[in-house]
Amino acid sequence: MILEPLTLSPDHALPGPLLTELTALYASNHAFYALSGDFPDPHDIRPEQVAKALADELANPDVEVLQARSAGQLVAIAITLAHHPDPGDPDPWIGLLLVDAAHQGKGHGRQLAAYIEDRFREAGRDAVRLAALDNNPGAFAFWTTIGYETIGHRKDRQLGRPCAVIRKILHQ
């Protein structure tokens, strides 16, 4: 798997072919988006919606969007946050890890999570956190299987959805 940061063009746009790939990846996960409510119609995710969502993320200098490719095909995307908006929270966050539905169960999610953890570990960070939606037991099972532990429950900052806050210690 090849990982590379996603960057916008000088006019703050995504190149058309990449936007098409990203839209297909997002759209393949309509079950997740039905749970999350991030898009008005999870069965009709449009390129302009994906472009806006990613541009909003990339407007934050602490955010990095990573694209993962296997055999040249986009198979996953991850959004990380180096510093949480809460100054009392010392950990970086994984805001999203999304694997194309056709490629789930092949280890891409685990590889991408391990890569993110390694990057934060190399940067001297002690742990990483994320919020798993309470109504998404599959995601919670994935994260706990790879070593994340629940440290609390709260509503997410974006839409007020109930979440489990989970954390993994990076230095043993």
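The values are calculated or read from the model by the stated rules, or taken from the named source; none is laboratory data. If you're wondering where the values come from, they're calculated on a predicted model, not measured in any experiment. Cβ coordinates were reconstructed from backbone atoms using ideal geometry, including for glycine residues, and neighbour counts include every protein chain displayed. Heavy atoms of the whole protein, side chains included, go into the accessibility calculation; ligands, DNA and RNA do not. Shrake-Rupley method; radii C 1.70, N 1.55, O 1.52, S 1.80 Å.
Side notes on the structure shown:
- From D38, D86, residue being in contact with a Lys or Arg (Cβ under 9 Å, 6 or more places away or on another chain) and either under 27 Å from A141 (Cβ atoms) or at pLDDT 95 or above (or both): D86
- Boolean, P92 is surrounded by 13 or more Cβ atoms within 10 Å (Cβ to Cβ) and closer than 19 Å to R129 by Cα: yes
- Of the residues examined, R157 is one that is touching a residue at least 40 places away in the same chain (Cβ under 8 Å) and not β-branched (V, I, T).
- When L130, L97, L81 are checked against the criterion of being within 19 Å of I2 (Cβ to Cβ) and modelled with pLDDT of 95 or more, a single residue qualifies: L97.
- Among residues of segment 1-15, those that are at pLDDT 85 or above and over 17 Å from G72 (Cβ atoms), counted: 2
- Condition check for L112: crowded, with 19+ Cβ neighbours inside 10 Å and either touching a helix residue (DSSP H, G or I) at 6+ places or on another chain (Cβ under 9 Å) or at pLDDT below 95 (or both): no
- Unique match (being surrounded by fewer than 17 Cβ atoms within 10 Å (Cβ to Cβ) and touching a helix residue (DSSP H, G or I) at 6+ places or on another chain (Cβ under 8 Å)) among A82, A13, A34, A68: A13
- Scan of segment 109-129 for residues that are among the aliphatic types (A, V, I, L, M) and under 9 Å from K168 (Cα atoms), ordered by number: A127, V128
- Residue within segment 122-133 that is touching an Asp or Glu at 6+ places or on another chain (Cβ under 7 Å) and of a type in the set (G, A, S) present: yes
- Residue tally, condition part of a loop (DSSP other than H, G, I, E, B) and open to solvent by 50 Å² or more (accessible area, probe 1.4 Å), over segment 125-139: 3
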